[in-house]
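K.L.:
Quick one: this structure, given as structure tokens, is what I'll be asking you about.
Since every read-out is calculated from the coordinates, none of them should be taken as a lab result. As the structure is a prediction and not an experimental result, all values here were calculated from the model. Note that we place each Cβ from the backbone using ideal geometry, even for glycine, and neighbour counts take in every protein chain shown.
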């Protein structure tokens, strides 16, 4: 299995802002679908509007995002800066 390697310039073009960075990390973290970090349930509802990228678990009612339970969780640094 060969992993694709891209240059820093290509990465900057691919992830220019916080929204694309969040979607990129969501794809990597939840390749098989969004899962609650507390109870591992896949019964999830995605928030809409201003809360895009936020989810609520239908089993334990916990609110979470792709940052929950990671080194990004309490960081004030935008995700696109972390990815770069």
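K.L.:
Quick one: how many residues across region 18-54 are part of a loop (DSSP other than H, G, I, E, B) and farther than 16 Å from residue 67 by Cβ? Before the answer, list the steps.
P.N.:
As a first pass, look at region 18-54 and keep what is part of a loop (DSSP other than H, G, I, E, B): 30-43, 47-48, 52-53.
If we keep only those that are farther than 16 Å from residue 67 by Cβ as well, we get 31-33, 39-43, 48.
Qualifying residue count for the region: 9.
K.L.:
Could you look through region 55-69, keep only residues that are in a loop (DSSP other than H, G, I, E, B) and in contact (Cβ under 8 Å) with a residue 24 or more places away in the chain, and pick out the one that is farthest from residue 18 (Cα to Cα)?
P.N.:
60
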